Amino acid sequence: MEKVYIETYGCQMNFADSEVVAAVLREAGYGVAEGLEDADYVLINTCAIRDNAEQRVRHRVRELRALQNRRQGLRIGILGCMAERLQQRLMTEEDNVSFVCGPDVYRRLPALLGEVADGRKAAEVELSTTETYADIEPVRLASNGISAYISIMRGCQNYCTYCVVPYTRGRERSRDPQTIVGEARTLFERGYREVTLLGQNVNSYSFAGAAGTVGFPELMDMVAKVDPRLRVRFATSHPKDLSDSLLEVMASHPNICRCIHLPVQSGSNRMLKAMNRKYTVEWYLDRVEAIRRYMPDCSITTDVIAGFCGETEEDHQATLDLFRRVRYDYAYMFKYSEREGTYAQRHMPDDIADAEKTRRLNEIIALQGEIALENNRQEVGREYEVLVEGESHRSKERLFGRNSQNKVVVFDRADAQPGTYRRVRVDDCTAATLLGRLV
Ligand code: SAM
Ligand code: SF4
């Protein structure tokens, strides 16, 4: 049996897609290799969101050349966003790559592997308006057997001016809710206790079927009812679509986790307009207030970009101010990276010097570090229900899990078992972790 080894870079969506890829190939008679040593094909599922993500993949492809020299016949394929963005060009620039396959045509992978087996090159990069892989049961790769991703929609058409995703992942489309609920139920029956529903903008989920249209709040309600012991998370929500009806559904189900990832991108209205985010700082703060009204214990996390086109010191200070007001529990913080083909690349000069972007980013990182530590200090003395995930990386004597707010909690092992819920009292913390003991 020929074997494929899958390496995944980038967002959660890519990790979920790699599980679909494994399922498609297994169905076609290929094995999934545990390591590079016994692989006939290396498939690299890639991210194109920032230039450094692409450079990492190119570096990896070049590194694999040594292995190919030793093992004639080892083929490399590039999947996902870089394959879609660069298409044939990628095989010219990295000439040890045999094929590229975009995110909407993974069903054609068995045919592609067949085509390149004798040394030819091939590309499949068509985007689809309907493909959701709804009928494919993902092969859970590197799973802890406790939490799993469920992809509920694909694509994005928000066209934020800096972002390449609408070009690499195509039009937005939602998956049949019955297949989503079915997948959640199967996971629960197999012992999983947490699912994360994934999409680029989950709150614009909308599926029109025989029984009418199902939106994201209704879908969340359906998944939450699979079992009260199944935790439900989701990512990512766009602030412009975060509705009160979603917050109501969340508040009414204790098993929907108290954590909302709400990417803000900038704290300046001028920048938000230039980014085409379609909301203002005032709207965003109103949504944060609504979250806290419905669920006072909800954690809020974000994404932010430093040094977007034309960003002034005043705009940057506005971002820092917004961070001080919202007091995020966690933030993914990035320097702006110009992407070919986006509106910003075509119409707006990338005019902030790299050193200045770095300074601004570092200021945001430092501020967020202080806020996260202060937030965690407030947790000392509180008790949480923690879903136990496994051994702490630092010590076999301790376990770790997460609370509903998605904060990592490390505690004494005692008799706790992975996959179960235990109550833990927090008695210390760092900026990233809560430390506690079983109650
Ligand atoms: N769809 C989600 C959203 O709108 O929030 C996330 C999309 S993207 C995979 C994740 C994050 O990458 C974005 O929220 C943004 O902060 C960042 N990002 C996207 N394009 C970028 C760029 N050109 N340069 C730097 N960061 C970027
Ligand atoms: Fe990119 Fe904006 Fe779509 Fe998110 S909502 S994927 S940032 S275009």
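Values in this text are rule-based calculations from the coordinates and carry no lab data. Note that the structure is predicted; figures quoted are calculated from it, not measured. Cβ atoms come from the backbone with ideal geometry, glycine included; neighbour counts cover every protein chain shown.
Cross-link partners among aspartates and glutamates for LYS240, C-alpha distance below 15 Å, same-chain residues fewer than 8 apart left out?
Straight-distance partners of LYS240: GLU282, ASP286, GLU289, ASP303.
Report the Stokes-Einstein translational diffusion coefficient (µm² s⁻¹, integer) for the stretch 92-220, Rh taken as the Kirkwood radius over Cα pairs, at 37 °C with viscosity 0.692 mPa s. Walk me through the numbers before you get to the answer.
Working: Rh = 16.8 Å.
Stokes-Einstein gives a translational diffusion coefficient of 196 µm²/s.
Where a ≥ b ≥ c are the square roots of the eigenvalues of the C-alpha gyration tensor, would you call the stretch 111-159 rounded, which needs a/c under 1.5, or, failing that, prolate if a/b is larger than b/c, or oblate? Don't skip to the end; give the middle numbers.
Numbers: a/c = 2.66, a/b = 1.29, b/c = 2.06.
Note, shape of the stretch 111-159 comes out oblate.
For the stretch 183-227, compute Rg over Rh where Rg is the Cα radius of gyration and Rh is the Kirkwood radius from the inverse mean 1/r over Cα pairs.
Reported Rg/Rh, Kirkwood definition of Rh: 1.01.
Output wanted: per-residue J couplings in Hz (rounded whole) for the stretch 228-241, from phi through Karplus 6.51 cos²θ - 1.76 cosθ + 1.60, θ = phi - 60°, x for Gly and Pro.
Karplus values, whole Hz, x for Gly and Pro: x, 8, 9, 6, 10, 10, 8, 7, 10, 9, 8, x, 5, 10.
As I understand it, the dipole of the chain uses +1 on the Cβ of Lys and Arg and -1 on the Cβ of Asp and Glu, about the Cα centre. Which of PRO349, CYS156, THR186 lies farthest toward its positive end?
THR186
Based solely on its DSSP helices, what 222 nm [θ] is calculated for the chain when runs of n ≥ 4 H residues each add -39,500 (n - 2.57) and the sum is averaged over all residues, nearest 500 deg cm²/dmol? Can you show the working numbers first?
Working: 14 runs with 155 residues, N = 439.
Using -39500 (n - 2.57) per qualifying helix, the result is -10500 deg cm²/dmol.
Measure off 7 Å from each Cα along the Cα-to-Cβ vector at GLU137 and ASP286, then give the distance between these two points in nanometres to one decimal.
For the pair GLU137/ASP286, the computed spacing is 4.6 nm.
Once fully extended, how much extra length lies between VAL181 and ILE365, figured as 0.36 nm per residue of separation less the alpha-carbon to alpha-carbon distance?
On the way: separation 184, 0.36 × 184 = 66.24 nm, distance 3.82 nm.
Working it through step by step, the gained length comes to 62.4 nm.
For the stretch 82-212, give the share of DSSP beta bridges that are antiparallel, in percent and rounded to the nearest 5; count only bridges with both residues there. The partial results should precede the final answer.
Details: 3 of 11 bridges.
For the stretch 82-212, the DSSP antiparallel bridge percentage is about 25.
Please list, ordered by chain and number, the residues whose modelled amide H lies under 5 Å from the amide H of ALA306; skip anything fewer than 5 residues away on the same chain.
Hits under the 5 Å cutoff: PHE334, LYS335, TYR336.
With a bin width of 20 angstrom, please list the P(r) values of the chain as percents of all Cα-Cα pairs, from the 0 bin to the one holding the largest distance.
24, 56, 20, 0
Would you mind checking which residues have amide H under 5 Å from ARG339's amide H? H placed 1.01 Å from N; only 5 or more apart, or other chain.
Result for ARG339 returns GLN345.
For the chain, what does the relative contact order come out to in percent, with C-alpha contacts under 8 Å and a separation of six or more? Spell out each step's value before the answer.
Values: 887 pairs, mean separation 43.9, N = 439.
Across the chain, relative contact order equals 10 percent.
Roughly what % of Cα-Cα distances in the stretch 352-437 sit above 14 Å, to the whole percent?
Values: 2355 of 3655 pairs.
Tail fraction, whole percent: 64.
Spelling out what I want: for every residue of the stretch 315-332, take phi, set θ = phi - 60°, compute 6.51 cos²θ - 1.76 cosθ + 1.60 (Karplus), and round to whole Hz; glycine and proline get x.
Ordered by residue, 3J(HN,Hα) equals 4, 4, 4, 5, 5, 4, 4, 4, 4, 5, 6, 6, 6, 4, 7, 7, 9, 8 Hz.
Using each residue's phi in the stretch 185-190, evaluate 6.51 cos²θ - 1.76 cosθ + 1.60 at θ = phi - 60° and report the 3J(HN,Hα) Karplus result to the nearest Hz, with x for Gly and Pro.
Going residue by residue, I get 5, 4, 4, 4, 5, 8 Hz, with x marking Gly and Pro.
Which pairs break 26 Å Cα to Cα here: LYS3/LYS396; LYS273/LYS357; LYS225/LYS278; LYS3/LYS407; LYS273/LYS335; LYS225/LYS396?
LYS3/LYS396; LYS225/LYS278; LYS3/LYS407; LYS225/LYS396
What is the stretch 1-94 by shape, rounded, prolate or oblate, if you read a ≥ b ≥ c off the alpha carbon gyration tensor as root eigenvalues and call it rounded for a/c under 1.5, prolate for a/b larger than b/c, and oblate otherwise? Working shown, then result.
On the way: a/c = 1.88, a/b = 1.18, b/c = 1.60.
Taking the square roots of the gyration eigenvalues as a ≥ b ≥ c, the stretch 1-94 is oblate.
Could you pull out every residue, at least 5 positions away or on a different chain, whose amide H is within less than 5 Å of the one on GLU389? Hs are placed 1.01 Å off N in the peptide plane, and Pro or chain starts have none.
Amide H neighbours of GLU389, under 5 Å, 5+ apart: PHE400, GLY401, ARG402, GLY419.
Sticking with the crude label model, points 7 Å out along Cα→Cβ, report the distance from ARG437 to ARG71 in nm, one decimal please.
It is 4.9 nm.
What whole-number volume per residue, in cubic angstrom, does the convex hull of the C-alpha atoms of the stretch 144-196 give?
Numbers: hull volume 4.8 nm³, N = 53.
Given the Cα convex hull of the stretch 144-196, per-residue volume reads 90 Å³.
Where the centroid of each part is defined by its Cα atoms, how far is the stretch 376-425 from the stretch 28-85 in Å?
Result: 36 Å between the Cα centres.
Rounded to the nearest 0.05, what FRET efficiency is calculated for ASN52 and ALA251 with R0 set to 60 Å and r the Cβ-Cβ distance? Intermediate values should be presented prior to the final figure.
Working: r = 39 Å, r/R0 = 0.65.
That pair, ASN52 with ALA251, gives E of 0.95.
State whether the stretch 23-144 is rounded, prolate or oblate according to the following rule on the C-alpha gyration tensor (a ≥ b ≥ c being the square roots of its eigenvalues): a/c under 1.5 gives rounded; otherwise a/b larger than b/c gives prolate, and the remaining case gives oblate. It would help to have the intermediate numbers written out before the result.
On the way: a/c = 1.39, a/b = 1.13, b/c = 1.22.
Taking the square roots of the gyration eigenvalues as a ≥ b ≥ c, the stretch 23-144 is rounded.
So for the chain: antiparallel DSSP bridges make up what percent, rounded to the nearest 5?
Working: 25 of 70 bridges.
Around 35 percent of the beta bridges assigned by DSSP in the chain are antiparallel ones.
Tell me the label-point distance for the pair GLN88, LYS278, using the 7 Å Cα-to-Cβ offset, in nm and rounded to one decimal.
The answer from the label model is 3.5 nm.
To the nearest 0.05, how large is the calculated FRET efficiency for TYR343 and THR129 if R₀ is 30 Å and r is the Cβ-Cβ distance? Before the final figure, lay out the partial values.
Numbers: r = 21 Å, r/R0 = 0.72.
Result of the calculation: an efficiency of 0.90.
Between the stretch 200-214 and the stretch 277-332, how far is it from one alpha carbon centroid to the other, in angstrom?
27 Å
Can you give the relative contact order of the stretch 179-230 as a percent, counting alpha carbon pairs under 8 Å and 6+ residues apart? Could the numbers behind the result be given before it?
On the way: 33 pairs, mean separation 22.3, N = 52.
After rounding, I find 43 percent.
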